[in-house]
Amino acid sequence: MNANVIEVTQLVKTYTSGTNEVHALRSIDLAVPAGEFLAIMGTSGSGKSTLMNILGCLDTPTSGAYLLDGVRVDGLDKNSLAAIRNQKIGFVFQGFNLLPRTSAIENVELPMLYDRSGKKRDTKKLAAAALERVGLGKRLDHQPSELSGGQQQRVAIARALVTEPALILADEPTGNLDTRTSIEVMALFQELNEQGITIVLVTHEPDIAVYAKRIIEVRDGRIRRDEAVKNRRSAASDLLVADQEVA
């Protein structure tokens with residue numbers, strides 16, 4: 001097994017518009033070992049979103065190398081990138097991105113239905129197990145409209161988990177949630193990370209980033225800060241305190 005899930009070396013992304021060049025990323029070096037829980041922070045225009053898109057194989061760099069779970073992915077064509085995304089990355093988005101008239105279990109099945117690897121799977125069984133893992137084993141047949149925002153995000157997390165990817169990439173996963181529900185989601189991420197799942201979380205909220213193990217800050221297309229989280233918070237403990245205050 002490769003020690004690093006993500007290895008980025010001298011990554012550059014330049015956008016050209018007419019005679020103008022926008023240097024979105026400037027010589028980024030980044031290593032994310034297996035089992036890491038990394039938060040990426042940065043203001044609008046910092047290059048954070050561009051970095052996330054490249055790490056998620058949604059975009060390609062102008063130059064530099066990117067190894068994802070030991071596979072060199074920079075320079076791959078769109079079809080190859082789509083296959084890599086399906087096999088190695090589980091995505092969790094701010095807006096949940098669930099199909100509205102489709103049950104929870106059918107939403108979670110989707111990545112397996114698009115799998116081009118040729119693996120034969122009992123998709124219903126695996127989807128049900130993923131939902132059980134996130135605490136929604138009794139909500140298999142519920143549509144998104146019948147679920148709370150936090151439950152919808154749990155469905156999205158189950159969908160990200162179901163293919164057993166090398167990496168969970170979460171883009172502002174608490175952006176549409178209230179404070180308590182955000183902590184519940186972070187408690188789930190911490191629990192999954194303790195089980196060995198590698199998580200990269202993109203957030204602009206410092207209160208959310210402190211649940212990660214490590215924070216990098218992107219500014220002007222460069223990594224300006226890369227450090228372990230000091231006084232890391234336990235989401236499960238924060239939930240207990242919140243419950244005691246309500247009681």
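The values are calculated or read from the model by the stated rules, or taken from the named source; none is laboratory data. Here the structure is a predicted model, which is why all the values come from computation and not from measurement. Because the Cβ atoms are built from the backbone with ideal geometry, glycine has one as well, and the counts that use them run over all protein chains shown.
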Filtering the stretch 49-65 for residues that are within 17 Å of the chain's Cα centre (by Cα) and not in a loop (DSSP other than H, G, I, E, B) leaves a count of 7
GLN152 vs. criteria within 27 Å of CYS57 (Cα to Cα) and surrounded by 15 or more Cβ atoms within 10 Å (Cβ to Cβ)
yes
Candidates ALA235, ALA242 - the one that is in contact with a Phe, Trp or Tyr (Cβ under 6 Å, 6 or more places away or on another chain), more than 26 Å from VAL8 (Cα to Cα), surrounded by fewer than 22 Cβ atoms within 10 Å (Cβ to Cβ) and not hydroxyl-bearing (Ser, Thr, Tyr):
ALA235
Restricted to the stretch 200-223 and to residues being of a type in the set (Lys, Arg) and under 24 Å from LEU68 (Cβ atoms), the residue farthest from the chain's Cα centre (by Cα) is ARG222
Elements of type strands (runs of 3 or more DSSP E) in the stretch 1-48, at least 1 residues being free of Cβ contacts under 8 Å to residues at least 24 places away in the same chain:
4-17, 20-33
May I ask you to list the residues in the stretch 61-103 that are touching a residue at least 60 places away in the same chain (Cβ under 8 Å) and among the β-branched types (Val, Ile, Thr)?
ILE89, VAL92
Residues in the stretch 8-26 that are on the phi > 0 side of the Ramachandran plot and modelled with pLDDT under 95: how many?
1
Scan the stretch 88-118 residue by residue and report those that are at pLDDT below 90, of a type in the set (S, T, N, Q) and buried (at least 19 other Cβ atoms within 10 Å of the Cβ).
none
